[in-house]
Structure formats: structure tokens, C-alpha cells
Amino acid sequence: MITIALKALNANKLKTILIFASLLFSITSIFLISSISNGVISMYSNLLKNDGDIIVTQAKISDTFFSNVDIKLLEKINKLDTTTKSSAIIVGASPVEKLPIVAIYGVTSNRFSNYKIAQGNYPKTEEALIGNSIYQSLENKNTIQIANKKFKISGVFKSDIGFENGGVVININDASEIFNKSASMILVNTNYNTNIKKVISDIQKLSDKIEVKSTQNFVDSYNQFKIIQTSSNLIGFISFFLGLLGIVSIMSITINQRKSEFGIKRAIGISTQSIVFQIVLESSILGVLSFIFSFFISNLILILIKNSELFHGYVNGEISIKLAFYLFICSITMSILGAIIPALNASKTDPIILMQGDKI
């Protein structure tokens, strides 16, 4: 049956190429949209998870960019027996030279060790530590302008997290002057086997102006991640629908041109189910092939994006096993749905009419 399906695909080369191209573009676009959105979420999640079991933000604020937490809370948090370390960070953005927007991280000195030095030293007051991907594009390697303030470049660091590798790290006091806030968030590390819920409750009692969550809970409920994921799913659905529409249209034309073939098969006693199965099998073969090609093409594009100086590490994608499996099912579903409607139409038509060459 597979041999017959392959011969049929080879006999209709143009239509086969068109169906394959429609599947390929649809699946590749879903691959890229989903993997890039997952990559963005993963990068920011890893940035938060790298140093903190608990995250403290301003109460009733949906985005960390707008959060403002009193840095003096660090002293009170450090006095708790259940905590081992707490650090503060200001998250902001600013144009740097020709770059329209660069992530700026103002951090307390105990967070400097999170950044792996490639050259130079950690920053002092009015100094900046530059992410490697940003540093490569700078014309002036000695100083950097952030908002209305100039900083001496103290060193360069490398990070596997694109948001950090394409960012600038400065002392939190300097960042506080620029962004007019005390801290965007406080990250807290706890003792091993500590009851996280109790620690969260203890920290929450320190102020009614803060919201305290475990880092994992914060990541799971972060509104911006939900918006990114919902947008990705919506665009993916549109790509799926457009791909399906293209396959149905091309398959209808292809089957219409093969009506005499199906009429003869019906006349010699081949069942409706067999004809439908053959057409669906042909389309399914194209679905599997298009998935394989899309998988490799998407990975190649993601590698190019990751290493492109244009994006400076801010755009990064990852294709998980779960995503690959999901899109494999999508590929097969799209190819089957795209073929089954015209296939059923052809198989139910009177064989005499089919052999006469009338329209389906």
C-alpha cells in the first residue's frame, strides 16, 4: 500500500510539491513561533531561578518592570533564621549607542558572583559590567552611556541566558538613581529542607506593600508569560488553519484530476474505505516528511538567530521533546484532515460519472 501511495505521489509531482510546501511552511512557522516564545519564557525564568527560592515584589503589580520594593527589607529578611542569602535587583531598559533598547540590571554586590567574568573586574560605583554580546557591538569599549549617566566599563561577562548576555550590570545604587526606584524585586535563598510556605508567611508579615511567592509559583503565574504563551498559541492556530486550508484546496484539485483512476477502482470492486485510506496515506507520508524537514529547518534558523548580532541574545528558541511531539501530531492531523474531505467526496461519487470525466 505504501508503494502504491509513493507511486501516486510521484505521478503527480507538481501537486505533491505544493502540498509538501504548504505543510512545510505551516509546520515550520508553528515550530519557530512556539520555540521562540518558549525560549523567551525559559530565559527569564532561569534568570529568576538562578538565585532565589522566594521572590518578593511590590503588591498588586503585574510586571516586575513596574515593581518597587523597599531595599531596606533586606536587613529584616537576613535576620530570619530560615534564610541564607537575600539580594535585590532592579530591572530596567535603556538605549545604548546605536542599540535602541538594552536590558539594565542593577544588583546588590552579593549577586555579582552570578556573572562569569570574561575579562576585567566586577563594577564599582559608576562602573558597568557588560554582557559579551553587547560588548562586541560597542564602538566605545571604555565607557557606556545609560540614560543621562556615563559609566566606565569595568569588565565583560558571559552568560548562557540571552537576556543577561545581552545586558548591562551596574550597582543597584546607580540603577536606583537612573530608574528612580529602590528595587524591582528581592530574591531570597532558604536553608535546605526549610518549610517554604512558613518562610513566605514570615516575609509577608514584614510589610503589607509586598507580595511574596516561591520563585516557581511566581514563574507559573507571571502575567507576561501567559500573554506570550496565549499569543503564540493563537498565531500557531492561525498557521495550522491556513496550512489546512491550502492542503484541502490542493488535494481537491489533485483528486478531481484523478477521478478516472478512482472510478475504475470503484468499478472493479475496490471498496470506498480502501480508496479513502490510500489518499489519506499519501497525505500522511507528506505530513511525516514535512515534519522531519521542518524540524531540521527550524533548528537551523534558531541557531542562526541565537548567533546573530542583530538580536544580541534576546531572541532565543528551544525545541523541547514535548513541542516536537505536539507538532508531529499536528502535522499528521493537518495532512489527514486536509485529505479526508476530498477523499470521501471522491469515493462516494458514482464510478460511471467518475469515468466519464464529470466534476466531483
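The values are calculated or read from the model by the stated rules, or taken from the named source; none is laboratory data. Given the structure is predicted, the values throughout are model-derived calculations rather than measurements. We place every Cβ from the backbone using ideal geometry, glycine too, and count neighbours over all the protein chains shown. Only protein heavy atoms, including side chains, enter the accessible area calculation; ligands, DNA and RNA are left aside. Shrake-Rupley method; radii C 1.70, N 1.55, O 1.52, S 1.80 Å.
Relative to the first principal axis of the alpha-carbon coordinates of the chain, what is the inclination of helix 223-257, with its axis defined by its Cα atoms, in degrees from 0 to 90 and to the nearest 10? The answer is roughly 10 degrees. Of all aspartates and glutamates in the structure, the ones whose alpha carbon falls short of 20 Å from that of Lys13, not counting any fewer than 8 places away in one chain, are Glu261, Glu282.
In segment 220-299, a dipole from Cβ-located charges (positive for Lys and Arg, negative for Asp and Glu) runs towards its positive end, and of Phe293, Ile253, Gln224 it is Ile253 whose Cα lies farthest in that direction. Going by the alpha-carbon gyration tensor, a ≥ b ≥ c the square roots of its eigenvalues, is segment 174-303 rounded (a/c under 1.5) or, if a/c is not under 1.5, prolate (a/b greater than b/c) versus oblate? Prolate is the answer for segment 174-303, as a/c is 1.5 or above and a/b outweighs b/c. Treating each Cα of segment 83-214 as one equal point scatterer and applying the Debye formula with no solvent, the log10 of I(q)/I(0) at q = 0.09 Å⁻¹ comes out as -0.30. DSSP assigns beta bridges within the chain; of those with both partners inside it, close to 75 percent run antiparallel. Karplus-derived 3J(HN,Hα) values for segment 203-213, using 6.51 cos²θ - 1.76 cosθ + 1.60 with θ = phi - 60°, are 6, 4, 5, 6, 7, 8, 9, 10, 10, 10, 9 Hz; glycine and proline are entered as x. Legend: translational diffusion of segment 91-167 by Stokes-Einstein, Rh = Kirkwood radius over C-alpha pairs, 25 °C, 0.890 mPa s; D = 199 µm²/s.
Would you list, by chain and number, the aspartates and glutamates whose Cα falls below 17 Å from the Cα of Lys205, excluding same-chain residues fewer than 8 positions away? Excluding near neighbours in sequence, the set is Asp70, Glu75, Asp81. For the chain, the longest principal axis of the alpha carbon atoms and the long axis of helix 2-11 meet at an angle near 90°. Across q = 0.07 Å⁻¹, the chain modelled as identical point scatterers on its alpha-carbon atoms has Debye log10 I(q)/I(0) values of -0.47, in the order of the q list.
Go through Ser271, Tyr326, Asn233 and say which Cα lies farthest out towards the positive end of the charge dipole of the chain; charges sit on Cβ, +1 for Lys and Arg, -1 for Asp and Glu. The one lying farthest along the dipole's positive direction is Ser271.
Alpha carbon centre of segment 263-313 versus segment 204-220: separation in Å? Computed from Cα coordinates, the inter-centre distance equals 46 Å. Placing unit charges on the Cβ atoms of the charged side chains and taking the dipole of the chain about its Cα centre, the candidate lying farthest along the positive direction among Asn12, Ser184, Phe262 is Phe262.
Applying the Karplus relation 6.51 cos²θ - 1.76 cosθ + 1.60 with θ = phi - 60° to segment 115-124 yields 3J(HN,Hα) values of 9, 7, 5, 9, 7, x, 9, 5, x, 9 Hz, where x marks Gly and Pro.
Return one whole number: the accessible area per residue of segment 30-170 in Å², for a 1.4 Å probe.
With all protein chains present, segment 30-170 gives 45 Å² per residue.
Determine the dipole magnitude for segment 16-143: charges of +1 sit on the beta-carbon of Lys and Arg, -1 on that of Asp and Glu, nothing else is charged, the reference point is the Cα centre, and the result goes in debye to the nearest 20.
Numbers: 11 positive and 10 negative charges, 30 e Å.
With Lys and Arg at +1 and Asp and Glu at -1, about 140 debye.
Per-atom-type breakdown for the chain gives carbon and sulfur 60% of the accessible area (1.4 Å probe, protein chains only).
Along its three principal directions, the equivalent ellipsoid of segment 1-133 from the Cα gyration tensor extends over semi-axes of 50, 20, 15 Å, largest first.
Helix 13-49 and the long axis of the chain differ in direction by around 20°, with both axes built from C-alpha atoms.
Take the cross-link list Lys124/Lys152; Lys72/Lys209; Lys72/Lys181; Lys98/Lys150; Lys198/Lys226 and give me the ones stretching past 18 Å between alpha-carbons. In this structure, Lys198/Lys226 lie more than 18 Å apart at Cα. Taking every alpha-carbon pair under 8 Å whose residues sit at least 6 apart, the chain reaches a relative contact order of 28 percent.
What does the charge dipole of the chain about its Cα centre add up to, to the nearest 20 debye, if the Cβ of each Lys and Arg holds +1 and the Cβ of each Asp and Glu holds -1? Intermediate results must be reported in sequence, preceding the final value.
Numbers: 33 positive and 24 negative charges, 105 e Å.
Dipole about the Cα centre, nearest 20: 500 debye.
Each Lys and Arg adds +1 at its Cβ and each Asp and Glu adds -1 at its Cβ; summed about the Cα centre, segment 93-171 shows a dipole of about 140 debye. Amide H contacts of Ser184: Val69, Ile89, Ile90, Val91, each under 5 Å away and 5 or more positions distant or on a separate chain (H built 1.01 Å from N in the peptide plane; Pro and chain starts excluded). Rounded to whole numbers, the Karplus 3J(HN,Hα) couplings from phi for segment 148-156 are 9, 10, 9, 10, 7, 7, 8, x, 10 Hz, using 6.51 cos²θ - 1.76 cosθ + 1.60 with θ = phi - 60°, and x at Gly and Pro. Remark on segment 1-76: Rg and Dmax equal 25.4, 77 Å (Cα only).
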